[in-house]
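Contents: one structure, followed by commentary.
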Amino acid sequence: MVMRPRIFLPLLVGLSLLLSMDRSRGQEGQPATGTPTVAATVRNTTPLPAGCELDEVVRFLTAFLDAFNRGDAVALQQFFPEKGVYPYADQHGFQWYSVTDQNGHLVTSDPTELPAYFAARHAQHERRKLRELEVAGDWEPSVDLVFRLSRRADDISSRKTLGKGAMYCDDHTIFVWSMGQGDRP
């Protein structure tokens with residue numbers, strides 16, 4: 001039996017990323033890759049812009065999830081643009097962060113509201129782990145993300161989450177993050 005390239009390539013990329021990741025721990029407030037949070041299927045569907053090569057995006061999201069899981073408020077702020085400005089022309093800005101689960105629906109277009117949300121989730125012992133990631137470089141200077149996460153927390157029973165997002169490639173910040181309940185589109 002011969003493995004087809006489109007099946008074999010994502011497995012090879014995912015394995016090589018896990019083997020090549022920096023396993024050092026950062027100090028509080030510093031994004032750290034640490035022990036990888038991701039053991040996921042990773043793929044891209046289009047050519048990716050500079051700064052958002054597949055391994056860079058995986059390292060960035062791994063660091064974000066690790067900071068979330070540690071409850072590192074200082075590091076988490078570094079993953080989002082400072083301004084809550086919708087990006088037009090050459091401006092970067094935060095668009096929204098949303099989560100829908102059995103506790104309700106959080107939507108914010110103000111990045112200064114995120115620390116309180118993250119602290120509340122950490123108080124509920126929430127942990128997130130990336131299971132699947134698809135990266136598409138449809139428009140510069142950013143990429144679109146489609147992901148599946150597993151979630152664990154004291155106050156949620158839904159264990160799988162499907163979501164989408166977008167990140168800037170030049171400064172590696174998330175400007176869209178949206179997660180739903182369940183893992184079906």
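The values are calculated or read from the model by the stated rules, or taken from the named source; none is laboratory data. Small disclaimer: the values here were computed from a predicted structure and weren't measured. FYI the Cβ positions are ideal-geometry reconstructions off the backbone, even for glycines, and counts take in every protein chain you see. Surface accessibility is based on the protein's heavy atoms, side chains included, excluding ligands, DNA and RNA. Shrake-Rupley method; radii C 1.70, N 1.55, O 1.52, S 1.80 Å.
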Worksheet item: Looking at 113, 82, which is the one that is of a type in the set (Asp, Glu), in contact with a strand residue (DSSP E or B) (Cβ under 9 Å, 6 or more places away or on another chain), without any contact (Cβ under 8 Å) to a residue 24 or more places away in the chain and open to solvent by 60 Å² or more (accessible area, probe 1.4 Å)?
Response: 113
Worksheet entry | Number of the condition not met by residue 66 [criteria: (1) at pLDDT 60 or above; (2) part of a loop (DSSP other than H, G, I, E, B); (3) acidic (Asp, Glu)] | (2)
Worksheet item: Does the stretch 46-55 contain any residue that is open to solvent by 30 Å² or more (accessible area, probe 1.4 Å), in contact with a His (Cβ under 9 Å, 6 or more places away or on another chain), modelled with pLDDT of 50 or more and within 27 Å of residue 109 (Cβ to Cβ)?
Response: no
Practice prompt. Collect the residues in the stretch 136-169 that are in a strand (DSSP E or B) and polar (S, T, N, Q), keeping them in residue-number order.
Written response: 142, 150, 161
Item to complete: Kindly indicate whether any position in the stretch 170-182 is at pLDDT below 90, not basic (Lys, Arg) and not in a loop (DSSP other than H, G, I, E, B).
Response: yes
Item to complete: Only residues in the stretch 35-54 that are part of a helix (DSSP H, G or I) count as the first member; pair them with residues that are open to solvent by 20 Å² or more (accessible area, probe 1.4 Å) and modelled with pLDDT of 90 or more, Cβ under 9 angstrom, at least 6 apart or cross-chain, and list the lot.
Response: 54/48
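Of these, 58, 99, which one is assigned to a helix (DSSP H, G or I) and surrounded by 14 or more Cβ atoms within 10 Å (Cβ to Cβ)? Please lay out each step first, then the result.
Numbers: 99 fails: assigned to a helix (DSSP H, G or I).
Answer to the selection: 58.
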Worksheet item: Just checking, which of 114, 76 is part of a helix (DSSP H, G or I), in contact with a Ser or Thr (Cβ under 9 Å, 6 or more places away or on another chain) and either at pLDDT 90 or above or on the phi > 0 side of the Ramachandran plot (or both)?
Response: 114
Worksheet item: Scanning the stretch 116-148 for residues that are in contact with a strand residue (DSSP E or B) (Cβ under 8 Å, 6 or more places away or on another chain) and either aromatic (Phe, Trp, Tyr) or without any contact (Cβ under 8 Å) to a residue 24 or more places away in the chain (or both), which turns out surrounded by the fewest Cβ atoms within 10 Å (Cβ to Cβ)?
Response: 117
